[in-house]
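**Q** First the structure, which I've put down as structure tokens, then a few questions once you've had a look.
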Amino acid sequence: MDLYFECNFGISGDMSVGALLDLGADKDVLNKALESLKLDNEFSYKITKQTVMQ
């Protein structure tokens, strides 16, 4: 599968990561990459799935 980003007007990092995780990206790979930055106690995050009814 190929995935293309059209970023002419910018891109939101958190929304992009959320979309990739929703498409099936491995959250363990994300966790490992974030841990490799060695930014202990600089940020926190929680991965959850939520359905919003309108």
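**Q** Can you tell me which residues in region 19-51 are farther than 23 Å from Y4 by Cα and among the charged types (D, E, K, R)?
**A** Correct list: K32, E35, K38, D40, E42, K46, K49.
**Q** Against the definition (of a type in the set (F, W, Y) and under 16 Å from the mean Cα position of the chain (by Cα)), how does F9 come out, yes or no?
**A** No.
**Q** Working only within region 1-41, note down all residues that are among the acidic types (D, E), modelled with pLDDT under 90 and not in a helix (DSSP H, G or I).
**A** Those that are among the acidic types (D, E), modelled with pLDDT under 90 and not in a helix (DSSP H, G or I): D2, E6, D40.
**Q** Identify all residues within region 38-47 that are open to solvent by 100 Å² or more (accessible area, probe 1.4 Å) and of a type outside the set (K, R); write none if there are none.
**A** D40, N41, E42, S44, Y45
**Q** Here's a follow-up. Step by step: first the residues of region 1-22, then only those that are of a type in the set (S, T, N, Q) and open to solvent by 50 Å² or more (accessible area, probe 1.4 Å), then the one that is farthest from Q50 (Cα to Cα). Which residue is that?
**A** Start the filter on region 1-22 by keeping residues that are of a type in the set (S, T, N, Q), which leaves 8, 12, 16.
Imposing the further condition that a residue be open to solvent by 50 Å² or more (accessible area, probe 1.4 Å) reduces the set to 8, 12.
Details: N8: 29, S12: 19 Å.
Step by step, filter region 1-22, then rank; the result is N8.
The values are calculated or read from the model by the stated rules, or taken from the named source; none is laboratory data. The model shown is predicted, which means the values in this text are computed figures rather than measured ones. In case anyone asks, the SASA skips ligands and DNA or RNA and just uses the protein heavy atoms, side chains included. Shrake-Rupley method; radii C 1.70, N 1.55, O 1.52, S 1.80 Å.
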